[in-house]
Amino acid sequence: MSAADWRKAMNSGSGRAAMRVQGPVAVLPQEISFQFKNPLAARHVLVLLLVLTFPLFASPFFVYQIGAQSLALGLIALSLTFLGGYGGMVSLAQMTVAGIAGYLVAILGTSAVMEISMKWPWWVAVPFALAGATAAAAFIGWLSVRTEGIYTIMITLAMGVAFYYLCLQNYSIFNGFQGFQQVYAPSVAGINFREAEPFYYLALFWSLAGYFFIKYLLRTPFGIALQGIRDNPRRMNALGFNVTAHRVAAYAVAGAMAGVGGVLFTWYNNLVTPGSVGTSWMINVLVIAVLGGMRHPIGAFLGAIVFVLLQTFAIDMIDRERFNLVIGVVFLAIVLFSPDGLLGWWAGLKVKLTPRGGVR
């Protein structure tokens, strides 16, 4: 094929198909035919089987306290992983958004504070709570996306602290420092989601839905454009992409995900208080996301498991008041030795253990 024919084929948009019919150096049919590639590896199947069968061999304590709590926190951390790892926007307000969803479920639904809660059925209160969380996240994004770096972090932190003090000092809507107790998960079709095993599978369903949704979204034009904006916003703006609109939309998507996690976390604790949206939990969500790896969607759940295990069992070895010291030491070690979290450390270890020239 001559150079002129090559240019003609590439400019015509037919690409390799045009090359196939224009000369004796035709591409073999099997080289351009569609080949299905199974996205699930053996390790994915094993992990899926493990989480599906976990309640069959684990005690109710581990199913509820470790499994369900890790899934709910992992879903909130996944929203931060999506924003920070793939959008370049580190937000400290994700727990605030989750808390907004939790408070709305308590206010619109049923709780022990009968004079405030509106007693709507759960299937009405939950959609309104998720819509409120999404709108709040979009508003926070609209305020913060025009800044970068430390300024974005400070704006989201300020919004989170403002909501915390609003909940703490307002009694007519948020019931002050007491918050709302007896915010229970519903019973649906004879299944009581207050019990350990049903609630675990409820949290697992939404966690898998969030994980696969993010994996899909990152391969769509929106997700690819968002990653381009993360790497070079000025160039993406020069190419005609609305950088601000993409960032605000990413905040809205992350807000909806954090809202689902917030509803689950409220049902898990059976309450929501100002302590649920305090600065300690804002930092905890960031720690969870960094522990697992900010550029790995599954890392949010891995970090949540590590965090919950430390939170549950570290107090048996040290004083409860020194738990944050343990988390701080683990966090510092991860940041120093593996900036990409536990998954980054594992990937680097596999490279070192793989023989040179071998097949992984």
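The values are calculated or read from the model by the stated rules, or taken from the named source; none is laboratory data. Computed from a prediction, not measured in an experiment: that's the story for all the values here. Positions of Cβ are backbone-derived with ideal geometry, glycine not excepted, and every protein chain shown enters the neighbour counts.
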Got a number for residues in the range 54-99 being without any contact (Cβ under 8 Å) to a residue 60 or more places away in the chain and part of a loop (DSSP other than H, G, I, E, B)? 2
How many of the residues making up the range 102-155 are surrounded by 18 or more Cβ atoms within 10 Å (Cβ to Cβ), among the hydroxyl-bearing types (Ser, Thr, Tyr) and in a helix (DSSP H, G or I)? 4
Residue within the range 311-325 that is at pLDDT 95 or above, aliphatic (A, V, I, L, M) and not in a helix (DSSP H, G or I) present: no
Looking at Ala133, Ala125, can you tell me which residue is at pLDDT 95 or above, over 19 Å from Phe163 (Cα atoms), touching a helix residue (DSSP H, G or I) at 6+ places or on another chain (Cβ under 9 Å) and not basic (Lys, Arg)? Ala125
Among the residues of the range 345-353, is any out of contact with any strand residue (DSSP E or B) (no Cβ under 6 Å at 6 or more places or on another chain), basic (Lys, Arg) and either modelled with pLDDT of 75 or more or closer than 21 Å to Val47 by Cβ (or both)? yes
Here are some residues: Val45, Val51. Which one is more than 20 Å from Met282 (Cβ to Cβ), loosely packed, with under 11 Cβ neighbours inside 10 Å and modelled with pLDDT under 95? Val45
Residues that are touching a residue at least 24 places away in the same chain (Cβ under 8 Å), buried (at least 21 other Cβ atoms within 10 Å of the Cβ) and in the same structural domain as Phe82 (by TED's automatic domain parsing): find the helices (runs of 4 or more DSSP H) completely inside the range 195-305 holding 3 or more of those. 196-217, 243-269, 279-292
Answer yes or no as to whether Tyr164 is under 24 Å from the mean Cα position of the chain (by Cα) and surrounded by 13 or more Cβ atoms within 10 Å (Cβ to Cβ). yes
Just give me the residues in the range 174-194 being outside any helix (DSSP H, G or I), within 30 Å of Ala162 (Cα to Cα) and not aliphatic (A, V, I, L, M), in sequence order. Phe174, Asn175, Gly179, Phe180, Gln181, Gln182, Tyr184
